[in-house]
Structures are given as structure tokens and as C-alpha cells.
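Undergrad: Got a structure for you, questions after.
Derivation of every value follows stated rules applied to the coordinates shown; laboratory data play no part. Nothing here was measured: the structure is a model prediction, and the numbers come from that model. In this analysis, Cβ positions are derived from the backbone assuming ideal geometry, glycine residues included, and neighbour counts consider all displayed protein chains.
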Amino acid sequence: MEDCLFCRIVAGRIPARKVFEDDEILAFHDINPARPVHLLVIPKRHITSLATVDDADIPVLGRMLAVANRLAAEQGSPDGFRVIINTGRIGHQEVQHLHTHIVGGPDPVGPMLKRV
């Protein structure tokens, strides 16, 4: 997808501070980190969101989660981290390319959600 920000990063047309790459996924530092450790893990193949996945996407979704612990530990969050997948308008998905946020650091990340 020519106009997709993350597809352009995968293609090398936009620079990113990469921390991991294989044939299926790419992981890089978020440009606006919310925590001391804040990585994005994306499939190289364009998948719009978690709402659009099907059974054919299971291997890449598993791969994205399988590398999360190692990346979090290597980047400074060895005692735990949070994985966030924002999906759609209600989930505040800003880039329409499936991505996981790996967030952590030396201090706890706080409560998961604010009570309404």
C-alpha cells in the first residue's frame, strides 16, 4: 500500500530505529514513546487491523507475540512489559496497519484502564 506509513518503513522509504527484522515482521522504536521502552512490532505484509485478520494471518500474529519478551528484555524491560494492539476507531488505532506496542521500562506501567 503506497500511502501506508508502516509499509513505507518496511520498504525502506522512511527511516526507523530498527531493533529486529526477519522475513515476516519488523520491530522499531516508537517515534513518540509513552514509556522508556516503547517498540512497535508490525507484519511486513500489509494487514489493516486486528479486525481484518483471518486464519491465514495466525503465523505472523504468533511471530509478533513470540518476539515480544526478548525485545522488551533487550531494550530495558526484563521484569515485564505490556502488549497493546489498538484496533479501529474505538481502540484509537492511528495507523491503519496492524501493529503491537511493546511498552515497559524499569518502573511499573500503571493500571491498564481508567475506570469510568
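Undergrad: Under a plain spin-label model, where a point goes 7 Å from the Cα along Cα-to-Cβ, how far apart in nm are Asp3 and Thr52?
TA: Each label point lies 7 Å from its Cα, and together they span 1.3 nm.
Undergrad: Continuing with this model, one more query. Please compute one quarter of the surface area of the Cα convex hull for region 5-104 and express it in square nanometres.
TA: Mean projected area of the Cα convex hull: 6.0 nm².
Undergrad: Whole-Hz ³J(HN,Hα) for each residue in region 50-56, computed from phi via Karplus 6.51 cos²θ - 1.76 cosθ + 1.60 with θ = phi - 60°, x for glycine and proline: what do you get?
TA: 4, 6, 10, 6, 9, 4, 5
Undergrad: Please give the residues of region 94-113, grouped as numeric ranges, whose backbone N is less than 17 Å from a label point set 7 Å along the Cα-to-Cβ vector of Val83.
TA: Within reach of a label on Val83, which here means backbone N under 17 Å from a point 7 Å along Cα→Cβ, region 94-113 contributes 98-105.
Undergrad: Just to confirm a number: summing +1 for Lys and Arg and -1 for Asp and Glu over residues other than Arg13 whose beta-carbon lies under 15 angstrom from that of Arg13, what do you get?
TA: +1
Undergrad: A further question on this structure: Using the Cα centre as the reference, give the magnitude of the dipole from point charges on the C-beta atoms of the chain (Lys, Arg: +1; Asp, Glu: -1; all else neutral), rounded to the nearest 20 debye.
TA: 380
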